[in-house]
1. Out of (1) free of Cβ contacts under 8 Å to residues at least 24 places away in the same chain; (2) under 30 Å from A:HIS198 (Cβ atoms); (3) away from every other protein chain (no Cβ under 11 Å); (4) not aliphatic (A, V, I, L, M), what's the single condition that is false for B:ARG111?
2. Which number in (1) more than 19 Å from A:GLY162 (Cβ to Cβ); (2) surrounded by fewer than 24 Cβ atoms within 10 Å (Cβ to Cβ) marks the one condition that A:ILE14 misses?
3. Just name the residue that is surrounded by the most Cβ atoms within 10 Å (Cβ to Cβ) out of those in the stretch A:69-82 that are within 14 Å of chain B (Cβ to nearest Cβ) and assigned to a helix (DSSP H, G or I).
4. Give the number of residues within the stretch B:1-31 that are more than 14 Å from the chain's Cα centre (by Cα) and closer than 20 Å to B:ALA43 by Cα.
5. Can you find, within the stretch B:95-107, the residue that is surrounded by the most Cβ atoms within 10 Å (Cβ to Cβ) among those that are under 16 Å from B:GLY52 (Cβ atoms) and more than 10 Å from chain A (Cβ to nearest Cβ)?
6. Consider the stretch B:116-129. How many of its residues are within 17 Å of the chain's Cα centre (by Cα) and either over 22 Å from A:ARG64 (Cα atoms) or within 9 Å of chain A (Cβ to nearest Cβ) (or both)?
7. What tally of residues in the stretch B:61-84 results from selecting those that are away from every other protein chain (no Cβ under 14 Å), assigned to a loop (DSSP other than H, G, I, E, B) and modelled with pLDDT of 95 or more?
8. Please state which one of B:ARG15, B:ARG10 is loosely packed, with under 12 Cβ neighbours inside 10 Å and closer than 16 Å to B:GLU116 by Cβ.
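The values are calculated or read from the model by the stated rules, or taken from the named source; none is laboratory data. None of these values were measured; they are calculated from a predicted model. Quick reminder, even Gly has a Cβ in these numbers, built from the backbone with ideal geometry, and neighbours come from all protein chains shown.
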Amino acid sequence: MNQVMKPKREVGIIGYGAYVPRYRIKAQEIARVWGGADEGLPIEEKAVPGLDEDTITMSIEAARNALARAQIDPQQLRAVWVGSESHPYAVKPSSTLVAEALGASGAVLAGDWQFACKAGTEAMQAAIALVGSEMADYALAIGMDTAQGRPHDALEYTAGAGGAAYVMGPAENALARLEASYSYVTDTPDFFRRAYQHYPEHGNRFTGEPAYFEHTLTATKNFLELMNYTPRDFQWAVFHQPNMKFPLQAAHELGFTRDQVMPALLVGKIGNTYAGASLIGMTNVLDHAKPKDRILLVSFGSGAGSDAFSYVVTDKLVERRDLAKRTAFYLGRREFIDYARYARYRNKLVMN
Amino acid sequence: MAENLAPNWRLREQRYQLVGNVCLNCGAKFFPPRQVCTNCRGAEFDSFQFSGKGELYSFTTLRSAPAGFESYAPYSVGMVKLDEGPLVEAMLTDVNEDELAIGMKMEMVTRKIREEEGERGLLVYGYKFRPTS
């Protein structure tokens, strides 16, 4: 029984693009409002979407960056898939609007994926399968979120905004070639949001051992064993990042060094971008990687599961990565806001 | 019944992608698209997608916003002279009022413009401009 997933046709990343809104709130500002401690906060600051931004608009900009690097006609896309837990509509796809804005509408699949923070890599797995089966040459997979955190809840410190888009296609045109992938899923209710609720519920410490660590560690260990790799075979490792502590602890337990994981660890500066978190960590790695570098990408989504991928960078990355804005551009543009403006931007003020 | 679906839907191409048209007779480009060329009176056009790049021609800031836009006030609007010629009026975003200057380079982004009928209605998306980074 072969548990590693490898398409018959070789597949890779043709183009990638990141997006983070420009507003930031410091964790200390949130602590000031609720009387929390000044030290030991899970992150430094997080990104906040502007009044005119949501998962749809953010997906459009990330996807335009990905298409600029892919150098393909949007009409060549046969799928536009958006993974998120903050789709603006409860019913009506984000993906049709994203496809229309990209000039990709018409003969194209479109759909919204939902698997908490794993929705983006689930879309990536499906895009790999669509291209790998030769049903299509190009498919777009997006992970993007404007995450919700209940005021005064622990998640308010980390629920951020951002994500990334990937054009998947045939390996011969790839910036990074997929070696294989692996998924590990169980029914573990560590975090959920019921219908009509504004904010999710979570299991505090239950989100750690039985959820994040069980799935991240098992997926990574099984994948490496099945691929006959050790952490030393990778130049870079990207993990889902709900805070700074979890991915660093997981990396340490798996035998990865800080040098391998730190370039992808953006959560301290933009917050947990949920379905976008591991995928935007990956864009920052692609912005810096060299040809022949091997990259491990492991997501985690509550509910719960992890997807693991191994990619090898090609010469084409160097030629095409400056055709769009780098992740560092979005990390660098920062306009700090106080809690009052944050409350306004996140629609927490009752106006009528 | 949800309101204003058809008029918003008809404009989706020009709003999301900045698609105007080009006169087949004299090559003049228009945004929004025209049915008769103001240059040569030609009536045959092809659609034309603008690059979204341009310069800020003029701007102002609205503190008393029209109906449907109150939640965004104060916000800046501008006239942007596109690299291909036309002058487009649009809301400006990702910029503070004191950073705006005539002649600055601008680029188009697709953003949420407003919500029809509050929380129950259609979300309307379209072009805005921000300073080019």
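1. Evaluating B:ARG111 over (1) free of Cβ contacts under 8 Å to residues at least 24 places away in the same chain; (2) under 30 Å from A:HIS198 (Cβ atoms); (3) away from every other protein chain (no Cβ under 11 Å); (4) not aliphatic (A, V, I, L, M) leaves (3) as the failure.
2. Every condition holds for A:ILE14 apart from (2).
3. The qualifying residue surrounded by the most Cβ atoms within 10 Å (Cβ to Cβ) is A:PRO74.
4. Total meeting the criteria: 9.
5. It comes out as B:MET106.
6. 3
7. Residues flagged as away from every other protein chain (no Cβ under 14 Å), assigned to a loop (DSSP other than H, G, I, E, B) and modelled with pLDDT of 95 or more within the stretch B:61-84 amount to 4.
8. Only one candidate passes the filter, namely B:ARG10.
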